[in-house]
Structure formats: C-alpha cells, structure tokens
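Following: one structure in structure tokens, then a few remarks.
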Amino acid sequence: LDKIEEEAVKKSSMLYDYIDGSDGYYTNPVDLPFRSRCNIPFRVKKDEELENKFLAGAKKAGLIELKGHRSVGGCRASIYNAMPVEGVQALIDYMIKFREENP
C-alpha cells in the first residue's frame, strides 16, 4: 500500500505542479489542503470556448474523459490508481503544447 500511495502522490504532484506553475493559464479552484489525489479539476484561462477547444484536441490526442462535472464546468483529470505515470505525463505534455499554440 505504501508503494501505491507513493505513486498517487507523485502523479497528483506532477499535475498540480504544472497547473500551479502555468502563470494562471491553467488554474485549480481547490484550496491546497483540500485537493484530491484522484480528481483534479482545472480551468483553461477561465474561458469556456478555449476549454472546449482544449477538450476537443485532447480527445484527438487520445486523452479522454477530461470534461469537468456538469454542475462545475471546466476540466477534470481523474488519475486513479490504474492510471500510469506515463498517462499523467501525456496529459501534461498536451497541456504544454496547447498552451504554446493558444497563448
């Protein structure tokens, strides 16, 4: 169980660190002490049109089920135990590319 928790912390930290370091391009609305390791909500410049473009491109890149909860909107990455570190890195790589192409 320690190994599983260690990997969960690593995966969520990777994504939170990228979001938090994106200078506001991507934002997470959850206060630090209440953040989940499994479900990470985020917004793309707080712009619904840009988020729709992000989600469409993500789907084409094979990154699925990123649409946020219908009552909250935005995006949500679910990184449960079965999600490998490589999957989280693929999402971060896409986020980097999207940001470069949509300043």
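No value in this document is a laboratory result; all are computed from the given coordinates. Keep in mind that this is a model prediction, so the values were computed, not measured. Cβ atoms come from the backbone with ideal geometry, glycine included; neighbour counts cover every protein chain shown.
Taking the Cα centre of the chain as origin and assigning +1 to Lys and Arg Cβ atoms and -1 to Asp and Glu Cβ atoms, the resulting dipole is close to 340 debye. For the chain, the ratio of Cα radius of gyration to the globular rule of thumb 2.2 N^0.38 Å stands at 1.02. Taking a point 7 Å from the Cα of C38 along the Cα-to-Cβ direction, the residues of segment 68-103 with backbone N closer than 20 Å to it are 68-73, 75-89. Go ahead and collect, in residue order, the members of segment 63-103 whose backbone nitrogen is under 20 Å from a label point 7 Å along the Cα-Cβ direction of T27. Under cut-off, by backbone N: 67-77, 95-96, 98-100, 102-103.
Think of the chain as having a plus end and a minus end, set by charges on the Cβ of Lys, Arg, Asp and Glu; of A8, L32, L91, L91 sits farthest toward the positive end of this dipole.
For segment 30-73, the pair-distance distribution built from all alpha carbon pairs, in bins 10 Å wide starting at 0, is 24, 51, 23, 1 percent. Taking 29 Å as the straight-line reach from the Cα of K97, the lysines in range (excluding those fewer than 8 positions away in the same chain) are K10, K11, K45, K46, K53, K59, K60, K67. The sum of -39500 (n - 2.57) across all DSSP H runs of n ≥ 4, divided by the residue count of the chain, sets its helix-only mean residue ellipticity at 222 nm to -16000 deg cm²/dmol.
Between A90 and N52, the C-beta separation translates, for a Förster distance of 25 Å, into a calculated FRET efficiency of about 0.80.
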